Amino acid sequence: MTSSLNSVRRMRLAATGVVALVLAGVSFVAPVQAQDASTDARLKKVEKEVSALQRKVFPGGDGKYFSPEITGPAATPTPAPGQPATTPVSDMLVRLDAVEAQMARLTGQVEQNTNRIEQLEAKLAAGVPAPAPVPVDPVGSQPAGLQPTASQSNFSTMGGAQPAVVKTSSKPAELKPAVETKPVGPSNSRIDAVKAIVKPQTADAADDEYSYGFRLWEAKFYPEAEQQLKLYLEKYPKHARVSWGRNLLGRAYLDDGKPLEAAKWFVQNYQADKRGDRAPDSLLYLAISMKQMKDTKRACIALAEFSDTYAAEAAGRLKGVYDSTRNGLTCA
């Protein structure tokens, strides 16, 4: 009886071992077969890509075009858990990834070069000449025939953008032989007159620099006043009279017949400190600069902002200048 029970037990153990081996074999073979199928598909895809690339680089004599055989990259199969870190199949997959990446780069380069060659051949066949260089104006930095309009210059002044250019002529500027000219300096009488303007000498050196610029402007030596006021602003950018200095520099340019340069300083002074001592003056004189440049729209904008922001000044200290500036302007 005991021997019969032992025989049954041994048969059950043997059957259990066979089932375990079969299950292990299935679990091992299934991922390998899946990897083999995926590898075979990718190998076939690479072969098609090589074939298509060869026909692209070395096309046949019949001039026919082949339909593309290159598709997006195939999804990389995720290895089953419990598999070894590296196997011959995984090594082959890594090599295939490298081959596919090289093929993609090579295909892109071939397509770009082919497109460029076709464009060049089309231009040569149509007889299109090479683009000629744009003639450059020997006097300024703008190309010949391209000059900014007045309104564009005004926009550059108030908005800070570079003025666009408008083509006025298609003919290149005629080059003339340069004539050597010597710069004309101030006359001796003007030099003596400027020297006669006494520079203050007080304990406040910064205020002395500003006051000297004011005296030059008051004497109508505008270029000298511009130079002096710039020197003052560079040396003492945080001085108490800096708002006065920027505004007076704009006034000097305006009186010197340079409304565009004046407008730049008026805008800068107003935007730097709207509560500055001479910020209202700069905004009002900005409108005067725009009016001199016949830019009615921006002159009206500056006047409207002046009356809204500095109502007390418009009705008080600057009322006369404000009223005279509005005369002749039709503002909405």
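The values are calculated or read from the model by the stated rules, or taken from the named source; none is laboratory data. Just so it is clear, the structure is predicted and the values come from calculations on it, not from any experiment. All Cβ positions, glycine included, derive from the backbone under ideal geometry; neighbour counts span all protein chains shown.
Report whether or not L283 is touching a helix residue (DSSP H, G or I) at 6+ places or on another chain (Cβ under 7 Å) and closer than 22 Å to R241 by Cα. Can you show your working first?
Numbers: touching a helix residue (DSSP H, G or I) at 6+ places or on another chain (Cβ under 7 Å): yes; closer than 22 Å to R241 by Cα: yes.
Here the answer is yes, as L283 does meet what is asked.
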Legend entry - Subset of the stretch 191-239 [farther than 27 Å from K274 by Cβ and in a loop (DSSP other than H, G, I, E, B)]: A196, I197, V198, K199, P200, Q201, T202, A203, A219, K220, F221
Inset, instruction - Kindly provide the set of residues from the stretch 240-251 that are assigned to a helix (DSSP H, G or I) and over 11 Å from K230 (Cα atoms), ordered by number. - result: S243, W244, N247, R251
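Can you name every residue in the stretch 295-332 that is hydroxyl-bearing (S, T, Y) and surrounded by fewer than 19 Cβ atoms within 10 Å (Cβ to Cβ)? Spell out how you get there, then give the answer.
Of the residues in the stretch 295-332, the ones hydroxyl-bearing (S, T, Y) are 296, 307, 309-310, 322, 324-325, 330.
Those that are hydroxyl-bearing (S, T, Y) and surrounded by fewer than 19 Cβ atoms within 10 Å (Cβ to Cβ): T296, S307, T309, S324, T330.
Scan the stretch 243-279 residue by residue and report those that are touching a residue at least 60 places away in the same chain (Cβ under 8 Å), over 22 Å from G320 (Cα atoms) and crowded, with 22+ Cβ neighbours inside 10 Å. Give the steps one after another, and end with the answer.
Our first condition is that a residue be touching a residue at least 60 places away in the same chain (Cβ under 8 Å); within the stretch 243-279, this holds for 260, 263-264, 267.
Restricting the remaining residues to those that are over 22 Å from G320 (Cα atoms) gives 260, 264.
Hits for the stretch 243-279: nothing passes.
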Inset, instruction - Run S282 past the list (1) surrounded by 14 or more Cβ atoms within 10 Å (Cβ to Cβ); (2) outside any helix (DSSP H, G or I); (3) of a type in the set (S, T, N, Q) and report the number of the one that doesn't hold. - result: (2)
Inset, instruction - With the checklist (1) of a type in the set (G, A, S); (2) at pLDDT 95 or above; (3) in a helix (DSSP H, G or I) in hand, flag the one item G257 doesn't pass. - result: (3)
Inset, instruction - Go through (1) farther than 26 Å from I197 by Cβ; (2) in contact with a helix residue (DSSP H, G or I) (Cβ under 7 Å, 6 or more places away or on another chain); (3) surrounded by fewer than 21 Cβ atoms within 10 Å (Cβ to Cβ) and name the single condition L231 misses. - result: (1)
